[in-house]
Amino acid sequence: MLGENIKKLNEEYDIFIQKGLLKKFIDSKKNEFCQIITIKDKKNKIKLKELPVLFSIQIGKDTNLKNIIKNIQRILKKCNKKKLDIGIKYKEKKIIGELIDDNIQESKIEIIKCLKAVFIKEKSKKIEYIYDQVCEELDEEFAKNNYCDFKDDICIGKRNCSERVTMGCCHKFKHPITMNGELKECPYLVDRHCSTQCITCKLFTCDAIKVKFKLKNIPLIECFFNPIQKLIVKTNFFTKREKIIDRLVLFSI
């Protein structure tokens with residue numbers, strides 16, 4: 001029964017996603033003591049005890065997810081400094097607490113993705129996870145809604161051009177810095193598919209498409225990337241995934 005209401009965060013930690021299960025779980029651990037830290041989107045002073053830490057993460061309709069994530073990160077730093085254990089053992093892993101969220105299913109998915117990122121310790125692996133998750137979400141969004149509406153390799157934005165232009169915006173200037181010279185296909189366009197995961201290109205939509213992607217509406221980027229990293233994400237068109245990730249790692253705090 002518990003297993004249906006547990007979400008995996010990583011190979012070490014799980015979290016309850018149903019209200020009331022954490023209390024039952026703690027009550028079953030008669031000889032174990034812990035402290036439950038309530039996480040809301042307002043910063044509050046917390047005095048940590050010398051006990052294992054569990055989180056009760058409370059998400060409401062107007063909750064600022066970025067503040068929630070920042071509060072968790074702040075407390076985790078204090079726990080590490082005091083060398084406090086996070087979570088209580090459950091089977092082969094640890095339960096780190098509960099997520100109380102009455103929002104829609106899509107909201108729960110985004111929160112879980114952010115929590116997974118929180119518990120990735122290595123900076124480069126955290127950025128890789130965020131990068132790949134956002135690219136995957138964008139791919140699914142485009143596939144589901146068919147924004148570009150390709151027909152015979154010609155997108156909706158190029159359909160009325162005087163000359164036949166295939167593969168839409170997958171073209172770059174011969175001299176990209178001065179933005180002049182002839183347009184040529186992106187070198188990473190292979191067999192009509194992008195051979196690298198360029199997040200900047202995936203975020204772009206031309207004037208023919210009304211939908212525009214804003215970084216502030218992408219929780220993983222809004223919660224974990226600083227202003228310089230956001231600028232990198234917005235400006236690195238026609239760039240290999242590995243190079244963008246290297247730049248994001250370089251400017252991580």
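Since every read-out is calculated from the coordinates, none of them should be taken as a lab result. Note that the structure is a prediction, hence the values are computed from the model and not measured. Here Cβ is always computed from backbone atoms with ideal geometry, including for glycine, and neighbour counts include all displayed protein chains.
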*asked:* Running a GNM on the chain with Cα contacts under 10 Å, which residue among GLU163, GLU222, GLU137 ends up with the highest mean-square fluctuation?
replied: GLU163
*Using the structure shown, select from LYS89/LYS126; LYS43/LYS202; LYS184/LYS216; LYS47/LYS125; LYS113/LYS234 the pairs with a Cα to Cα distance greater than 28 angstrom.*
LYS43/LYS202; LYS184/LYS216; LYS47/LYS125
_Proportion of all alpha-carbon pairs of region 139-253 beyond 17 Å (%)_ = 62
*Nearest-20 debye value, the chain charge dipole, Cβ charges on Lys, Arg, Asp, Glu*: 1420
*For LYS94, go through the aspartates and glutamates and keep the ones whose alpha-carbon is under 12 Å away, minus same-chain ones fewer than eight residues off.*
GLU11, GLU12, ASP14, ASP85
*Taking the dipole about the Cα centre of region 2-119, with the C-beta of Lys and Arg at +1 and of Asp and Glu at -1, give me whichever of CYS34, GLN58, ILE96 is farthest to the positive side.*
CYS34
